[in-house]
1. Within segment B:89-113, count every residue that is part of a loop (DSSP other than H, G, I, E, B), closer than 30 Å to B:Asp11 by Cα and of a type outside the set (A, V, I, L, M, F, W, C).
2. Looking at B:Leu49, B:Leu82, can you tell me which residue is buried (at least 20 other Cβ atoms within 10 Å of the Cβ) and at pLDDT 95 or above?
3. With the requirement that a residue be away from chain B (no Cβ under 12 Å), modelled with pLDDT under 85 and assigned to a helix (DSSP H, G or I), what does segment A:56-84 give you?
4. I'm trying to understand the selection: among the residues of segment B:378-418, which are within 13 Å of chain A (Cβ to nearest Cβ), under 22 Å from B:Ser133 (Cα atoms) and surrounded by 17 or more Cβ atoms within 10 Å (Cβ to Cβ)?
5. When segment B:419-433 is examined, which residues are found to be over 25 Å from B:Leu82 (Cβ atoms) and either of a type outside the set (A, V, I, L, M, F, W, C) or more than 10 Å from chain A (Cβ to nearest Cβ) (or both)?
6. Search segment B:211-226 for residues being within 8 Å of another protein chain (Cβ to nearest Cβ) and not basic (Lys, Arg), and hand back the single one that is farthest from B:Leu23 (Cα to Cα).
7. Might you check whether a residue that is among the acidic types (Asp, Glu) and buried (at least 19 other Cβ atoms within 10 Å of the Cβ) occurs anywhere in segment B:133-154?
8. Only one of (1) away from every other protein chain (no Cβ under 14 Å); (2) under 21 Å from the mean Cα position of the chain (by Cα) is not met by B:Gly165, so which one is it?
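The values are calculated or read from the model by the stated rules, or taken from the named source; none is laboratory data. Here the structure is a predicted model, which is why all the values come from computation and not from measurement. Neighbour counts run over all protein chains shown; Cβ positions are idealised from the backbone, glycine included.
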Amino acid sequence: MNTLTEDLKQLIIDSLDLEDVKPADIDPKAPLFGDGLGLDSIDALELGVAIQKKYHVKLDANSADTRQHFHSVENLAKFIESQKPV
Amino acid sequence: MNAAALHPEADDRVLALGERGTLTRAGFWRRVQALRSELDTRPARRWALVCEDAGWFAAGLFALADPRRTVVLPQAPQAGSLSATGAKVDAVLTDRPGDFQGFTLLEAREPADSIPAKPQQPDDAAAFEFYTSGSSGAPKCVPKTWSQLRLEVEALEQEWGASLGDAVVAGTVPHYHLYGLLFRILWPIHAGRRFITDLCLQAADLRAAAEHGRCIVVSSPAFLSRITAFTELPDAATVSAVFSSGAPLPDEAAERLVQQWGPAAIEVYGSTETGGVGWRAWDGGGERELWRPIQGVVTELREEAAGARLWVRSGCTWQGDWMPTGDLARRRADGRFALLGRADDVVKFEDKRLSFGEMRARLAQHDWVEDARLLLLPGRRKLIGAVVVLNGEGRAALAAGGKTAVRDALRAWLRGSYEALLIPRKWRFPERLPDNEMGKTQQSALLTLFEDRP
């Protein structure tokens, strides 16, 4: 099991105070916003801050990319991986 | 008069830009002209305008604005939001045709280059219907004419235009509500500034906008009170002005914004019904609670049972007449005023106006729901809680699928009419509401239902 993916799920649950949601309930490929987990624009902000704090990643100044990164847990994990110093 | 004005076909100044590309002024007027020609062949009189793309929304608005038609503007770009207004419409102009099956449609499609670009201001009598959350339980229709919108935009340019110059307008609030429509779209079009069509949701989006030039950020307390938590904000030197509306910006957030970023937010107080009423900006001094009226606005207090309610009159109020605001206030002789709280039962949640009565009525329409109550839950971040009493069918669903299945079904049900932000986060399904002996449900009793878990 990919630990980064699992960590991200827990981070989402903790930072957004999601009730009755277990990590196993979050499909890593499902959209976080809209019809998937149903997160809202404030969640996007809070999650952005939490991820920046925990992983010290730099979000590019490109909205299309940012939207892509925040699409799903899987995309977030890929993005964070790509930002790690080699 | 410059060459571009004489030859609108060749006016290649940028009007709007975003993920879907750049829209020139000539391109914008071509869109308007193409839609107008098509609209002239349609008998429909009442049109809903539902465009997710701000550039198309603007073109649709200018094309539809005509005294022969009424433009209906739902609260969100969803079919459910349109039906929730209860407004009867003949047709829908949209860039989301798939969502409006069964409706007569005019689809937003890029016109051929052969369509002429003809700049034309709407007729002052063109009619619009905005919708907001009313206290009665149903969305409330707020009629406006083009002259009200035009006067409002002219007042904004008079008040702040000179200091803003040739900036690009970036918004963190949606373009289909009056505030976003005025500040993100109509004001830039009027003043010849560029606007970003996409909604900015992260600090990174604002940095992207700043790459196009100095920015005017059209935002709200929900965004501005969180933005300083980001480590990488756009360079303060690239920001011409920050506007905040929807609710007062908390003092500590206003101060943090200045100390950790730079620009002081210009807070605008107003409502869909009244238009802009007053403004203030944090200057580190006292009297922060005082708002000054926007140019052309006159206010007065009228006593009622709950206290002194603020009334307002301007070119932007209906027929220039006195209108009540939703707030209690006190007022100084020089016209400045302080707000003392809402006079009605509609709540403000993350800058959005939400009628619990309306949401309760919507929940009660679900096949599983007997009755429901809603409340704001305290905490680091306020959340909306829903207390739902299920009927027989609902209890069967609860027994079969468990709490999460019922919760998810009801959340999905509300998503048809509400934006994600307003959908209750925490749910409780007691067998009956905790009513007191007077038959009234007390907020404190509802709150205890949420105290069983950390």
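1. Number satisfying all stated conditions: 6.
2. When all the criteria are applied, what remains is B:Leu49.
3. A:Gln83
4. Answer for segment B:378-418, where residues must be within 13 Å of chain A (Cβ to nearest Cβ), under 22 Å from B:Ser133 (Cα atoms) and surrounded by 17 or more Cβ atoms within 10 Å (Cβ to Cβ): B:Leu383, B:Ile384, B:Gly385, B:Ala386, B:Leu410, B:Arg411, B:Trp413, B:Leu414, B:Arg415, B:Tyr418.
5. Matches in segment B:419-433: B:Arg425, B:Lys426, B:Arg428, B:Phe429, B:Pro430, B:Glu431, B:Arg432, B:Leu433.
6. It comes out as B:Ala222.
7. Yes, because at least one residue in segment B:133-154 is among the acidic types (Asp, Glu) and buried (at least 19 other Cβ atoms within 10 Å of the Cβ).
8. (2)
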